[in-house]
Amino acid sequence: MTVDQDYVIATYLVHGNLKFHKKAEEIAVGLTVGTWTDLPATKKEQMIPHLGKVIEVKVLNPDSNGIPKALLIIGYPVVNMNPDIPSILTTVFGKLSMDGQIKLIDLHLPDSLLSQFPGPRFGIDGIRRLLGVHDRPLLMSIFKQCIGLPLHELEREYQNQINGQVDLVKDDEIFLRDDYAPVLKRIEAFEKCNKRQEEKNGKKVLYAVNLTGPVTLLVEQAKQLSKAGASCLLLNVAPYGFDVLHRISADPDVNIPIIAHPAFTGAFYQSPYYGLSAQLLLGKLMRLSGADIVLYPSPYGSVAMPKDVALDIAKQLQCPNHIHRPAFPTPSAGIHPGLVPALYRDFGENTIINAGGGIHGHPQGTSAGGKAFIDAIQAAVSGLSLEKAAENAPELRSAIQKWGAL
Ligand code: 1AE
């Protein structure tokens, strides 16, 4: 067996007064064949292909409180798993996730396993092709007030957003009960707005409709929405589970891009001692499961995350792996036009600038909010300072007056 091709390799950060090598051995055996030293020789022979192995133990400097810590790197035979994320996570971090101060930092999957996941169906290039925008970061607007509003009010709000020249509009992730504006009606109404806009000025827009309801119906619902003319889907991935995203994105009848929302993921990545790293959760696993666009906190906005982590997530979503298309990183939350230069500098062209309050809260209204962002994006791409660009862009000027510039 070769380590690279026949094992899933998991890296853990462990804190505590532990015998790290012994702990690593216990994990490698405990999560694969259960027990080893007491097995009779014939049983051992039978179990060898299924036995986990310790690849490396790196003892690190103690943390700021003097608590010892180490990285444990352990390989798990691919033959123990089905090609799905529940299998992988249960193997590498099932019982273990409850066993003291241990955090799953990274996973390396061999090509044989990677290639059994289709990954993003559209990815960055596919979404750019759908929109016909190839030379700048994309702009996405978030419906902010939607709960409890009737369809005609949402339709007006939708039109205001696309008048602001945004490329995508997404439902808010908390838009779950849509009694006043049922999902099929929204799709019909908003896709009509998109069509009118395209006929008028050639500008294409994608509307990401929130997938909600019982998990057992989600794939069917995604197919129905796709068939009904939806142009994009939004999914709260963590509350439902990665496998749902995988099944929807792999379904040939769901031929539209999928946006992954990070709702609930903070419960898994925020602790330095427990859970999964944000890079693994929001980067590697989202891409593996088939998200075309992944939202997550930016280094600057209201729900911020450290810059190195945010950049690392973008890297995980985009790095070439010969098997999966790259997905769009979308650092979000509290984004306003004054942050665009910093976002462009850090994340480059292949990113999506995504805002709710930063669009709807514009002093001249929602459409002006979109326009201010587009001007800020064009300025960043042309190497113009925001202040200079604002001289000839009244909407951008108002936005900077309101929110400032980083
Ligand atoms: C990281 C998720 C951001 C999000 O879902 C959201 O709704 C942001 O809204 P604003 O831009 O902060 O108003």
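Side notes on the structure shown:
- Hits in region 152-178 (condition: at pLDDT 95 or above, more than 16 Å from the ligand (Cβ to nearest atom) and acidic (Asp, Glu)): GLU153, GLU155
- Note on region 321-342: residues that are crowded, with 20+ Cβ neighbours inside 10 Å and closer than 17 Å to PRO262 by Cβ amount to 8.
- Residue that is nearest to LYS69 (Cα to Cα) [pool: residues in region 1-51 that are surrounded by fewer than 19 Cβ atoms within 10 Å (Cβ to Cβ) and basic (Lys, Arg)]: LYS19
- Comparison of LYS388, LYS371 shows that the only residue that is of a type in the set (D, E, K, R), surrounded by 17 or more Cβ atoms within 10 Å (Cβ to Cβ) and over 24 Å from ALA310 (Cα atoms) is LYS371.
- Residue check for LEU285: within 25 Å of GLY123 (Cα to Cα), within 16 Å of the ligand (Cβ to nearest atom) and at pLDDT 95 or above: no
- Figure legend. Inter-residue proximity from region 244-255: first residues over 15 Å from ASP84 (Cα atoms), second residues crowded, with 23+ Cβ neighbours inside 10 Å and of a type outside the set (Gly, Ala, Ser), beta-carbon distance below 8 Å, spacing 6+ or different chains. Indicated pairs: VAL254/LEU233; VAL254/ILE248.
- Residue satisfying all of: in region 326-361; aliphatic (A, V, I, L, M) and more than 14 Å from ILE313 (Cβ to Cβ); farthest from the ligand (Cβ to nearest atom) among these: ALA342
- Whichever residue in region 231-268 is among the charged types (D, E, K, R) and buried (at least 17 other Cβ atoms within 10 Å of the Cβ) and, among such residues, is farthest from THR330 (Cα to Cα): ASP251
- No other residue among GLN161, GLN116 is touching a His at 6+ places or on another chain (Cβ under 9 Å) and polar (S, T, N, Q) apart from GLN161.
- Taken over region 278-304, the criterion of being assigned to a loop (DSSP other than H, G, I, E, B) and crowded, with 24+ Cβ neighbours inside 10 Å is satisfied by GLY290, ALA291, ASP292, SER298.
- Single unsatisfied condition, HIS360 versus (1) farther than 30 Å from LEU288 by Cα; (2) in contact with a Leu (Cβ under 8 Å, 6 or more places away or on another chain): (2)
- Whichever residue in region 293-313 is closer than 23 Å to GLY126 by Cα and in contact with a helix residue (DSSP H, G or I) (Cβ under 6 Å, 6 or more places away or on another chain) and, among such residues, is nearest to the ligand (Cβ to nearest atom): TYR296
- Sole exception among (1) part of a helix (DSSP H, G or I); (2) closer than 25 Å to GLN197 by Cα for LYS402, by number: (2)
- Those residues of region 184-212 which are in contact with a helix residue (DSSP H, G or I) (Cβ under 9 Å, 6 or more places away or on another chain) and either modelled with pLDDT under 95 or closer than 17 Å to PRO257 by Cα (or both), in sequence order: ILE187, PHE190, ASN194, LYS204, VAL205, LEU206, TYR207, VAL209, ASN210, LEU211, THR212
- Residue match in region 264-277 (condition: among the aliphatic types (A, V, I, L, M) and in contact with an Asp or Glu (Cβ under 9 Å, 6 or more places away or on another chain)): no
- Test: residue in region 293-309 that is without any contact (Cβ under 8 Å) to a residue 24 or more places away in the chain, closer than 26 Å to ILE248 by Cβ and aromatic (Phe, Trp, Tyr): no
- Region 127-148, residues that are away from the ligand (no atom under 16 Å from the Cβ), in a loop (DSSP other than H, G, I, E, B) and touching a Phe, Trp or Tyr at 6+ places or on another chain (Cβ under 7 Å): GLY148
- Being within 14 Å of the ligand (Cβ to nearest atom), within 11 Å of LEU139 (Cα to Cα) and touching a residue at least 24 places away in the same chain (Cβ under 8 Å) is a property that holds for GLY370.
- Restricted to helices (runs of 4 or more DSSP H) entirely inside region 1-89, those with at least 1 residues that are touching a residue at least 60 places away in the same chain (Cβ under 8 Å), under 17 Å from GLN101 (Cα atoms) and touching a strand residue (DSSP E or B) at 6+ places or on another chain (Cβ under 8 Å) are 20-30.
The values are calculated or read from the model by the stated rules, or taken from the named source; none is laboratory data. Just so we're clear, the structure is a prediction, and the values are computed from it rather than from any experiment. A quick note on method: Cβ atoms are made from the backbone with ideal geometry, for glycine too, and the neighbour counts reach across all protein chains shown.
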